[in-house]
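The values are calculated or read from the model by the stated rules, or taken from the named source; none is laboratory data. Just so you know, these numbers come straight off a predicted model, no measurement behind them. Please note: Cβ atoms are built from the backbone with ideal geometry, for glycine as well, and neighbour counts cover all protein chains shown. Heavy atoms of the whole protein, side chains included, go into the accessibility calculation; ligands, DNA and RNA do not. Shrake-Rupley method; radii C 1.70, N 1.55, O 1.52, S 1.80 Å.
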Amino acid sequence: MSIAEQFETDDIHPIDIVEHLAEYNEWDFDRVADDQIAMAVEGQWRTYSITLAWTGFDETLRMICTFEMEPPEERLPALYETLNRTNDTCWAGAFSYWPEQRLMVYRYGLVLAGGQMAGSEQIDRMIANAVTAAERFYPAFQLVAWGGRTPADAMQVAIAEAYGRA
């Protein structure tokens, strides 16, 4: 039985759905407030911090997926160029770098205007897409920040399709 079949989502708060998903997937999570939840999701490269927050005012479920990154100051222009190239390939969500917090951030907002409700499969896909994007572009960010590679060169790693595992 899938997580979507385990409960009806017609009248469930979006953050309640996220909490059910976190429990189902055995992710560490903390219900920060009625409208916000933070969790840790394990990826291949690292553990990602994911926060989802519901804003009733504009009926948007906001998600941020972060990981720590402390690139050398002199590599920031190349990293920002890599972010621009990355965002050109991302159709849902976008990356940015928050230097004060030393965090790479993937952001996405699901607008549910007119009283629409998000289903568990939709929210699960949101979270999966964030982790997939972070996993896909993490090596490119690393190559630019610490490998001395050009943004165009580093992006070839993210764009190339991997088949199998070494």
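Under 21 Å from Gln36 (Cα atoms), open to solvent by 20 Å² or more (accessible area, probe 1.4 Å) and in a strand (DSSP E or B), is that true of Tyr97? So Tyr97 does not fit the description; no. Output yes when any residue across segment 94-105 is over 22 Å from Trp27 (Cα atoms), under 15 Å from the mean Cα position of the chain (by Cα) and in contact (Cβ under 8 Å) with a residue 40 or more places away in the chain, and no when none is. Yes; the residues of segment 94-105 include at least one that is over 22 Å from Trp27 (Cα atoms), under 15 Å from the mean Cα position of the chain (by Cα) and in contact (Cβ under 8 Å) with a residue 40 or more places away in the chain. The residue of segment 73-91 that is most open to solvent (accessible area, probe 1.4 Å), among those that are touching a helix residue (DSSP H, G or I) at 6+ places or on another chain (Cβ under 7 Å) and closer than 9 Å to Ala145 by Cα, is Arg75. Checking Asp34, Asp30 one by one, the residue that is without any contact (Cβ under 8 Å) to a residue 12 or more places away in the chain and open to solvent by 70 Å² or more (accessible area, probe 1.4 Å) is Asp30 and no other.
Here's a check for you: in segment 119-163, which residue that is among the charged types (D, E, K, R) and in a helix (DSSP H, G or I) is most open to solvent (accessible area, probe 1.4 Å)? Talk me through it step by step, then tell me what you get.
First, pick out the residues of segment 119-163 that are among the charged types (D, E, K, R): 121, 124-125, 135-136, 149, 153, 161.
Checking which are in a helix (DSSP H, G or I) leaves us with 121, 124-125, 135-136, 153.
Values: Glu121: 125, Asp124: 56, Arg125: 153, Glu135: 30, Arg136: 98, Asp153: 71 Å².
Top of the filtered list is Arg125.
Determine whether Arg125 is of a type in the set (Lys, Arg) and within 17 Å of the chain's Cα centre (by Cα).
Working: of a type in the set (Lys, Arg): yes; within 17 Å of the chain's Cα centre (by Cα): yes.
Criteria met by Arg125.
Considered as a group, the residues in segment 50-72 that are closer than 30 Å to Asp16 by Cα and of a type in the set (A, V, I, L, M) include one that is most open to solvent (accessible area, probe 1.4 Å), and that residue is Ile64. With respect to the conditions (1) closer than 19 Å to Gly109 by Cα; (2) at pLDDT below 95; (3) surrounded by fewer than 19 Cβ atoms within 10 Å (Cβ to Cβ), Ala4 lacks only one, and its number is (1). Scanning segment 37-46 for residues being within 18 Å of Asp124 (Cβ to Cβ) and either touching a residue at least 24 places away in the same chain (Cβ under 8 Å) or open to solvent by 60 Å² or more (accessible area, probe 1.4 Å) (or both) gives a total of 3.
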